[in-house]
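The structure appears below as structure tokens.
The values are calculated or read from the model by the stated rules, or taken from the named source; none is laboratory data. Bear in mind the structure is a predicted one, so any value in this text is a computation, not a measurement. Methodologically, a virtual Cβ is constructed for each residue, glycine included, from the backbone with ideal geometry; neighbour enumeration extends over all protein chains shown.
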Amino acid sequence: MHTVKLGNKDIPVGKIVCIGRNYAEHIKELGNQVPDKPVIFIKPASSIIGVGGTIIIPPHSGDCHHEVELAVLIGTEAKNVDASNAPDHVAGYAVALDLTLRDIQSAQKEKGLPWEIAKAFDTACPLSAFVPADQVGDPQKLQIRLTVNDDVRQDGNTKDMMRSIAELIAAASTYFTLETGDILLTGTPSGVGRIVSGDKLEAAIERVGRLNVSVA
């Protein structure tokens, strides 16, 4: 059982619900179409590593990309919730990376096949400890940044999300129950790119925290 920290508590993790294509500039840089509904996929809890952890890129991929994201910890069960009530179900926020095997993802898309294997591998979800929601304030006004070997790769703000966190929770809860300990990843701003062996990554989100990991 994988757990995450919320203050001084250890919280067992359920599923990791991920949102794709939630920042307009990121959609443009990958040449994707703007979705009319949230793009949703799942990572298993086994993909989590913590601060100071090591990313292991699977040998069958030669193009692993970083994607820095704001992570949301679900505190109480949510099913078919309205966006206006969705924040009541949030326990905390953290810094996350949604690592993607871009070559594998592209190959799966071309075949019309699911592409979880490009997103769900071991170490694919580096994650910081969670900060209680009431310590963060407005989650839609947070600077979000990633450096690789001290070079800035991604620099955005959660205000640029196409769909708010509340809207994402409401949408996801119509497809399946969000349970206590589930995590929602909310999409990435532009600037995604390849990481390779020896790289050192530092992700930071205003009022939430920092996440440092390296690549084996």
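What are the residues in the range 199-212 that are in contact with a strand residue (DSSP E or B) (Cβ under 6 Å, 6 or more places away or on another chain) and either charged (D, E, K, R) or within 10 Å of SER128 (Cβ to Cβ) (or both), if any?
First pass over the range 199-212, keeping only residues in contact with a strand residue (DSSP E or B) (Cβ under 6 Å, 6 or more places away or on another chain): 199-206, 208-212.
Scanning the range 199-212 gives ASP199, LYS200, GLU202, ALA203, ALA204, ILE205, GLU206, VAL208, GLY209, ARG210, LEU211, ASN212.
Considering only residues in the range 68-108 that are more than 16 Å from the chain's Cα centre (by Cα) and charged (D, E, K, R), the one that is farthest from LEU127 (Cα to Cα) turns out to be ASP82. Identify the residue in the range 1-29 that is charged (D, E, K, R) and modelled with pLDDT under 90 and, among all such residues, is surrounded by the most Cβ atoms within 10 Å (Cβ to Cβ). Ranking the qualifying residues of the range 1-29, first place goes to ARG21.
Quick one: how many residues across the range 112-128 are assigned to a loop (DSSP other than H, G, I, E, B), in contact with a Lys or Arg (Cβ under 8 Å, 6 or more places away or on another chain), at pLDDT 95 or above and over 14 Å from LEU70 (Cβ atoms)?
Narrowing the range 112-128 to residues assigned to a loop (DSSP other than H, G, I, E, B): 112-115, 119-124, 128.
From what is left, the residues that are in contact with a Lys or Arg (Cβ under 8 Å, 6 or more places away or on another chain) are 115, 119-120, 124, 128.
Next, only the ones that are at pLDDT 95 or above stay: 119-120, 124, 128.
Now restrict to residues that are over 14 Å from LEU70 (Cβ atoms): 119-120, 124.
The total comes to 3.
Of all the listed residues (LEU211, LEU201, LEU127, LEU146), the sole one being in contact with a Ser or Thr (Cβ under 6 Å, 6 or more places away or on another chain), within 16 Å of GLY52 (Cα to Cα) and crowded, with 18+ Cβ neighbours inside 10 Å is LEU211. Selection over the range 194-211 of residues that are outside any loop (DSSP other than H, G, I, E, B) and either within 15 Å of the chain's Cα centre (by Cα) or of a type in the set (A, V, I, L, M, F, W, C) (or both) gives a count of 9. When LYS15 is tested against (1) in contact with an Asp or Glu (Cβ under 6 Å, 6 or more places away or on another chain); (2) closer than 25 Å to ILE195 by Cα; (3) basic (Lys, Arg), only condition (2) is not met. Screening the candidates ASP98, ASP138, ASP134 for the property of being under 26 Å from PRO58 (Cβ atoms), acidic (Asp, Glu) and modelled with pLDDT of 95 or more yields one hit, ASP98. Restricting to the range 32-55, name every residue that is buried (at least 16 other Cβ atoms within 10 Å of the Cβ) and under 14 Å from PHE121 (Cα atoms). Correct list: PHE41, LYS43, PRO44, ALA45, SER47, ILE48, ILE49, ILE55.
When the residues of the range 155-186 are filtered to those that are among the β-branched types (Val, Ile, Thr) and not in a strand (DSSP E or B), the one that is surrounded by the most Cβ atoms within 10 Å (Cβ to Cβ) is THR186. Looking at the structure I just gave you, is ASP98 under 26 Å from GLY31 (Cβ atoms) and among the acidic types (Asp, Glu)? For ASP98, the condition - under 26 Å from GLY31 (Cβ atoms) and among the acidic types (Asp, Glu) - is met.
Look at the range 161-177: where a residue is over 21 Å from LEU142 (Cα atoms) and a partner is modelled with pLDDT under 95 and among the charged types (D, E, K, R), sitting 6+ places away or on another chain with Cβ atoms under 9 Å, you get ALA171/LYS37; ALA171/ARG163.
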